[in-house]
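Here is the structure we will look at.
The values are calculated or read from the model by the stated rules, or taken from the named source; none is laboratory data. Given the structure is predicted, the values throughout are model-derived calculations rather than measurements. Here the Cβ positions follow ideal geometry from the backbone for every residue, glycine too, while neighbour counts run over all protein chains shown.
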Amino acid sequence: MKRLLGIDLGRSRTGVAISDELGLLAHPLETIATRSADDLAKRIRQIVTEKNVEQIVVGLPRHMNGTFGEGAKGAEAFAEKLRRLVKCEVVTWDERLSTVAAERALQAAGKKTRDTREVRDQVAAQMILQNYLDRLSA
């Protein structure tokens, strides 16, 4: 089975996670500096090719009441950019509170907030992807 890629899109950093080959578990992969949407999309395309990715899951940051704000609109626009750039399927997935959950998980592991900036985005992407994988297997 091919892998799935999870993306936690951010203004300055974007976290990326990847599934195992069975599509059961998500693992942190890398944090990409978000200089421009074009540069970010090109790096994602490289990862898709290198890791044999079948599907990309872009986190969609909705408001708590379910409405779309600027972040969600940006995520939708980025997902559309990826659809034109890669040959695999690109979907969006509700990611409300994924960054907060990632911060709590890292704190529970004894990590200090200031030391986890790079990893936090990867863990948030991992949580987005794991939630998506869990939904697929339910």
Note to self: Return the residues of segment 27-63 that are over 23 Å from SER12 (Cβ atoms), of a type outside the set (Ser, Thr, Tyr) and over 14 Å from the mean Cα position of the chain (by Cα); say none if nothing qualifies.
What the structure shows: GLU50, LYS51, ASN52, GLU54
Margin query: Here are the criteria: (1) of a type in the set (S, T, N, Q); (2) within 11 Å of GLY59 (Cα to Cα); (3) at pLDDT below 65. Tell me which single one THR116 does not satisfy.
Written below: (2)
Margin query: Looking at segment 73-85, I want the residues that are closer than 13 Å to PRO61 by Cα and have a partner that is assigned to a helix (DSSP H, G or I) with Cβ atoms under 8 Å, at least 6 apart or on another chain. Which pairs are those?
Written below: ALA77/ALA37; PHE78/ALA37; PHE78/LEU40; PHE78/ALA41
Checklist line | Residue check, THR34 within 18 Å of GLN122 (Cβ to Cβ) and either surrounded by fewer than 18 Cβ atoms within 10 Å (Cβ to Cβ) or modelled with pLDDT under 90 (or both) | finding: yes
Note to self: Name the single residue that is modelled with the lowest pLDDT among those in segment 124-138 being assigned to a helix (DSSP H, G or I) and either over 9 Å from the mean Cα position of the chain (by Cα) or farther than 16 Å from GLU30 by Cα (or both).
What the structure shows: SER137
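For segment 1-17, which positions are in a strand (DSSP E or B) and of a type in the set (Ser, Thr, Tyr)?
THR14
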Next item on the list: Hey, can you tell me all the residues within segment 81-96 that are farther than 14 Å from GLN130 by Cα and of a type in the set (Ser, Thr, Tyr)?
Entry: none
Next item on the list: Could you list all residues from segment 53-75 that are modelled with pLDDT of 95 or more and farther than 18 Å from GLN122 by Cβ?
Entry: GLU54, GLN55
Margin query: Out of everything in segment 1-46 that is free of Cβ contacts under 8 Å to residues at least 60 places away in the same chain, aliphatic (A, V, I, L, M) and out of contact with any strand residue (DSSP E or B) (no Cβ under 9 Å at 6 or more places or on another chain), what residue ends up being nearest to VAL86 (Cα to Cα)?
Written below: ALA41
Next item on the list: Mind counting the residues in segment 18-36 that are assigned to a loop (DSSP other than H, G, I, E, B), in contact with a Lys or Arg (Cβ under 9 Å, 6 or more places away or on another chain), at negative phi and not acidic (Asp, Glu)?
Entry: 1
